[in-house]
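The values are calculated or read from the model by the stated rules, or taken from the named source; none is laboratory data. Since this is a predicted model, take the numbers as computed values, not measurements. We place every Cβ from the backbone using ideal geometry, glycine too, and count neighbours over all the protein chains shown. SASA here: full protein model, heavy atoms, side chains in, ligands and nucleic acids out. Shrake-Rupley method; radii C 1.70, N 1.55, O 1.52, S 1.80 Å.
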Amino acid sequence: MDLAQRHPAPTSARAHTGPARPLSGPSRPHADSSHPLSASADPLAGPGVTDRHATHRRPPRVSWKGILREPFRARTWLRLAHLLLALPIGILCVPIALVGGPAGRIQRGLARTLLGLEVAPPSRTGPSALAHAVISLPLNLVALTVSGYFWTVVVMNLAYPLRPDSDPSQAWGGPTMAGAWAVHGIGGGVTFLLLTPWVMKGFTLLQARLIKGFLGADRTGLFRATWPALLVTAVCALLSVPVIHQL
């Protein structure tokens with residue numbers, strides 16, 4: 001008898017007649033762009049970026065904790081410092097720009113230091129520095145006046161018992177000092193304390209847009225930066241008339 005018939009080959013060494021199986025298990029299907037879970041189907045992910053490495057930038061949510069903490073954050077007081085300095089520095093920049101001085105660099109440096117605003121300088125400023133110094137003056141004046149008035153309301157109402165004209169018998173919440181202080185402190189002091197930082201943020205955003213439009217390298221949004229600032233300035237000026245008559 002033939003030796004091949006007496007000693008057959010082991011089963012593991014026999015040739016497979018069926019389709020070969022992969023050693024590493026079933027292969028994964030390629031990513032399909034039509035699949036809802038595919039990385040390329042994510043509108044926030046760039047081309048060639050998977051979900052693991054994609055950076056989703058979402059607008060920050062304003063929570064109650066953020067509103068309560070805003071008056072005590074450093075950025076709020078930096079904005080206040082910018083509002084206090086923007087008007088006098090802007091006035092000084094008018095003659096500096098007239099003689100061809102570095103008015104634009106001064107304004108960009110102030111915004112970079114206090115607001116963290118990075119603006120690429122243009123190759124040549126020209127008359128845009130003078131135009132910014134003149135156009136920003138009304139906005140800087142209104143921003144300083146409104147912010148100062150709001151902070152004055154905060155201090156006067158929170159410190160109501162220390163005011164020389166604090167007569168609780170004729171005040172809201174009277175006739176007791178505790179009742180009058182509660183009404184003034186909560187209704188006027190705390191309310192304006194939480195509101196004022198957001199008002200200052202709005203003014204500094206308008207100031208930043210003017211700096212980008214007039215003193216930046218890209219001036220495509222110059223008109224979009226100018227008309228909101230002028231509109232807000234005009235509205236605040238009109239609203240200040242009855243307030244001034246009540247003082």
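Observations, loosely collected:
- Hits in segment 176-187 (condition: assigned to a helix (DSSP H, G or I) and over 22 Å from Leu68 (Cα atoms)): Met177, Ala178, Gly179, Ala180
- Looking at segment 71-175, the helices (runs of 4 or more DSSP H) lying wholly inside it that each contain 3 or more residues that are open to solvent by 40 Å² or more (accessible area, probe 1.4 Å) and within 22 Å of Ala237 (Cα to Cα) sit at 74-98, 128-158.
- Every residue from segment 114-162 that is within 17 Å of Pro71 (Cα to Cα) and in contact with a Cys (Cβ under 7 Å, 6 or more places away or on another chain): Val146
- Residue match in segment 177-192 (condition: under 20 Å from the mean Cα position of the chain (by Cα), surrounded by fewer than 18 Cβ atoms within 10 Å (Cβ to Cβ) and over 25 Å from Cys236 (Cα atoms)): no
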